[in-house]
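The values are calculated or read from the model by the stated rules, or taken from the named source; none is laboratory data. From a predicted model like this one, the values you see are computed outputs, not experimental measurements. FYI the Cβ positions are ideal-geometry reconstructions off the backbone, even for glycines, and counts take in every protein chain you see.
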Amino acid sequence: MSSDPSPTRDESASAPDAALLHDTGSVRALNPGPVLEVDPLLDDPETRIIVCCGSGGVGKTTTAAALGLRAAERGRKVVVLTIDPARRLAQSMGIDALDNTPRRVKGIEDTAGGELHAMMLDMKRTFDEIVEAHADRERAAAILGNPFYQSLSAGFAGTQEYMAMEKLGQLRARDEWDLIVVDTPPSRSALDFLDAPKRLGSFLDGKLIRVLMAPAKVGGRAGMKFLNVGMSMMTGALGKLLGGQLLKDVQTFVAAMDTMFGGFRTRADATYRLLQAPGTAFLVVAAPERDALREAAYFVERLAAEDMPLAGLVLNRVHGSDAVQLSAERALAAAENLEEPRIVDQQGGKAGLRNSPDTYGSSSSSASEASDTDAGSPAATDQDRSVEQLTAGLLRLHAERMQLLSREQRTRDRFTARHPEVAVAEVAALPGDVHDLVGLRDVGDRLAANQDERPEEHEAHG
Amino acid sequence: MSRLQVVSGKGGTGKTTVSAALALALATEGKRTLLVEVEGRQGIAQLFETEALPYEERKIAVAPGGGEVYALQMFYKMGGAGRALKKLGAIDFATTVAPGLRDVLLTGKACEAVRRKDRSGRFVYDYVVMDAPPTGRVTRFLNVNDEVAGLARIGPIHNQAQAVMRVLKSRETAVHLVTLLEEMPVQETADGITELRAAKLPVGRIIVNMVRPTILDQADLDLAHAVPRTAVAKSLSGAGLGGARRGGLAERLVDPLLRQADEYAERFALEREQRGVLTELGLPLRELPLLAEGMDLAGLYELASELRQQGIS
């Protein structure tokens, strides 16, 4: 039913008890494959662009910011470009508002001579800038004043991808930074930014544009004259989806944008080539969950198909344990052992279960009932019992952790089996959210802790 | 209750799963629901373990008590009309150059399904559940027809856009937000509610997804701080986990286990704080458990019955 294999008994579970005493690291059973070493990538002066892509909610923005910070603190002059409308990067970098120009981030360790700049993409501003750059003044004013353009450029879904790539091209052209880290938009299809130039091209070569453009050329400026030309042909098809809709707006818009398409396309093509260039490194970001890794596998395949240089996979939120020698099954069995006396105890009421001193007197009779096995006063018994209860809880918590570990490992193994060539950097899960440079630095340390000589585990030994 | 149920949420919160569970829950006892996926990732097909969905309304599941769930995937393998549009380059246009158009088509289609009646005048679908774009985009997505109506001030386009907005802003519609008990998704939920309300779109419920079970309560956590390590070691040893003396297995387990309890405590506190923030938003809360073995079809039915138990009307 499920493609997920039912939890195969953990290797350590079937092992004799004696084996449990050894740190077998059994949850890291399969060969983990190549390791993504982040520092050499960041330090290499040939690395000029790092693109972080991945599905939503996997920590893409945090990863991009952490990489930018780390590179800057290692001496590079970095700019981080983020697109996310939730302004998470702004929050995590302690900057209240990022605008469409890169701002220097204060508070970084700059002894290595690096700098960190960050910017948040303002789609409308970027769009306006393109219009101004590609159309003469009168034409630009007409476009900027067009109501459909205003709606569109203010951020309909999808324009983000264009604008992000456009901005990346601009930043690269300014040549002020030696490393640009890009956080990609949380797209419906996460590789829309790759498709954008191609789709634009296929649209420009399509018949629709000719239908739409023809009247515009006859009628000169975008006006009302051409509205009925080509309309009947279109409404037939569109009408099947919805009923004739919105064509006027489209036509007006297309006509107004007439002069700009050529420039658009040229630039989109240039950016696309820039992404394929050797100085670019793609990092696919994921969490060790089925959906996120399935999406990651899709990314890896698409990037390969597009000849985009993939540096590796950043696997965020990987859990670990310092007690992997204790299997989930054994922890659960032990927890049950500890909890058994409680069943007896419950006859006397639940009051004694909790470590509440004011119930000592009233529950002493029930406590003494259960105290046959324990020497000691009712109070001490009560204390023991709550310790046992705590211990049982600790063991259940551990069992849950171990089950999570093996689930994460299975998910990851499935990815590795499909893409054994992809280098992976694991980032240990943080209990809370990342808000500030300290947190980003911590994420950067965790990212860089993946080294080839110790591929088994980077542990969180305190 | 509202017949158009829109489900949004931050990326990664599981809104597709929640949409699917909601569609199943609403279909229970002989109802018919339509599940519309707008993101085009075939997430619904994967959840229901069926092949990729074509551009047509197709029955994909039977709900407990005989109800039916249909699903519709837009912009994927469209039929004749789609091919014609594709040939023209109109799909490329709608999905990239003017992506707002796509939103117009999607919202229009969903509202059409809500209003559709059969020959006898009964609604074809009792409920339409829409797996909508993420919180950051959902208001603009739902409001796209308002913009259209503003652009085209008279005529059929205007009327159509207005008709769609009338459905979306009426009590026929409820927009639910899926969140996790984490800071960013909760913040986005709060922002999303503000935006939806400002746009006069009807906000439904907050659905907290992937809620982890309480393993240690506050009393346990307090005790974990106060308890002598030797007592825990003794207790572990008593449970059959080796020696409690220094260097024994039980003794060596104490620190790692207490560290895990510390991490749990930190998360526990964060979750409690976030639950508090959500409660203050003043909307009905529903909680769905984290399924230990990951999501599959059986899990989906489990979540659907959970939703029914908590009340979905």
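Restricting attention to the range B:235-246 and to residues that are more than 8 Å from chain A (Cβ to nearest Cβ) and either within 20 Å of A:Glu329 (Cα to Cα) or under 43 Å from the mean Cα position of the chain (by Cα) (or both), the residue that is modelled with the lowest pLDDT turns out to be B:Gly243.
The single condition among (1) at pLDDT 90 or above; (2) more than 36 Å from the chain's Cα centre (by Cα); (3) not hydroxyl-bearing (Ser, Thr, Tyr) that A:Glu426 does not meet is (2). Within the range A:37-72, track down each residue that is assigned to a loop (DSSP other than H, G, I, E, B) and either on the phi > 0 side of the Ramachandran plot or surrounded by fewer than 24 Cβ atoms within 10 Å (Cβ to Cβ) (or both). A:Glu37, A:Asp44, A:Pro45, A:Glu46, A:Thr47, A:Arg48, A:Gly54, A:Gly56, A:Gly57, A:Gly59 - these are the residues of the range A:37-72 that are assigned to a loop (DSSP other than H, G, I, E, B) and either on the phi > 0 side of the Ramachandran plot or surrounded by fewer than 24 Cβ atoms within 10 Å (Cβ to Cβ) (or both).
Evaluating B:Ser120 against the criteria (1) more than 11 Å from every other protein chain (Cβ to nearest Cβ); (2) crowded, with 21+ Cβ neighbours inside 10 Å leaves one unmet condition, (2). Within the range B:36-53, the set of residues being part of a loop (DSSP other than H, G, I, E, B) and either within 11 Å of chain A (Cβ to nearest Cβ) or of a type in the set (Lys, Arg) (or both) comprises B:Val38, B:Glu39, B:Gly40, B:Arg41, B:Gln42, B:Glu49. Among the residues making up the range A:275-296, those that are part of a helix (DSSP H, G or I) and either crowded, with 18+ Cβ neighbours inside 10 Å or within 13 Å of chain B (Cβ to nearest Cβ) (or both) are A:Leu275, A:Arg290, A:Asp291, A:Ala292, A:Leu293, A:Arg294, A:Glu295, A:Ala296. For the range B:17-35, the criterion of being away from every other protein chain (no Cβ under 13 Å) and modelled with pLDDT under 85 is met by at least one residue. Of the residues screened, B:Leu249 is not one that is facing another protein chain (nearest Cβ under 8 Å), modelled with pLDDT of 95 or more and over 30 Å from B:Leu307 (Cβ atoms). For the range A:105-127, taking the residues that are assigned to a loop (DSSP other than H, G, I, E, B), modelled with pLDDT under 90 and touching a helix residue (DSSP H, G or I) at 6+ places or on another chain (Cβ under 6 Å), the one that is surrounded by the fewest Cβ atoms within 10 Å (Cβ to Cβ) is identified as A:Gly107.
Being surrounded by fewer than 16 Cβ atoms within 10 Å (Cβ to Cβ) and basic (Lys, Arg) is a property that B:Arg308 lacks. Among the residues of the range A:411-423, are any modelled with pLDDT under 95, closer than 20 Å to A:Ala286 by Cα and within 11 Å of chain B (Cβ to nearest Cβ)? So far as the range A:411-423 goes, yes, one or more of its residues are modelled with pLDDT under 95, closer than 20 Å to A:Ala286 by Cα and within 11 Å of chain B (Cβ to nearest Cβ).
On the basis of being surrounded by fewer than 18 Cβ atoms within 10 Å (Cβ to Cβ), away from chain A (no Cβ under 13 Å) and under 36 Å from the mean Cα position of the chain (by Cα), does B:Arg197 make the cut? Give the steps one after another, and end with the answer.
On the way: surrounded by fewer than 18 Cβ atoms within 10 Å (Cβ to Cβ): yes; away from chain A (no Cβ under 13 Å): yes; under 36 Å from the mean Cα position of the chain (by Cα): yes.
It is true that B:Arg197 is surrounded by fewer than 18 Cβ atoms within 10 Å (Cβ to Cβ), away from chain A (no Cβ under 13 Å) and under 36 Å from the mean Cα position of the chain (by Cα).
Selection of first residues in the range B:259-270 that are surrounded by 17 or more Cβ atoms within 10 Å (Cβ to Cβ) and of second residues that are of a type in the set (A, V, I, L, M, F, W, C) and assigned to a helix (DSSP H, G or I), restricted to Cβ pairs under 6 Å at least 6 apart or on distinct chains, gives the following pairs, ordered by first then second residue: B:Gln260/A:Leu397; B:Ala261/A:Leu394; B:Ala261/B:Ala224; B:Tyr264/A:Leu397; B:Ala265/B:Leu221.
So, in the range B:93-120, how many residues would count as being modelled with pLDDT under 55 and either outside any loop (DSSP other than H, G, I, E, B) or of a type in the set (Asp, Glu) (or both)? Of the residues in the range B:93-120, 5 are modelled with pLDDT under 55 and either outside any loop (DSSP other than H, G, I, E, B) or of a type in the set (Asp, Glu) (or both). Of all residues in the range B:29-53, those being under 22 Å from B:Glu112 (Cα atoms) and hydrophobic (A, V, I, L, M, F, W, C) number 6.
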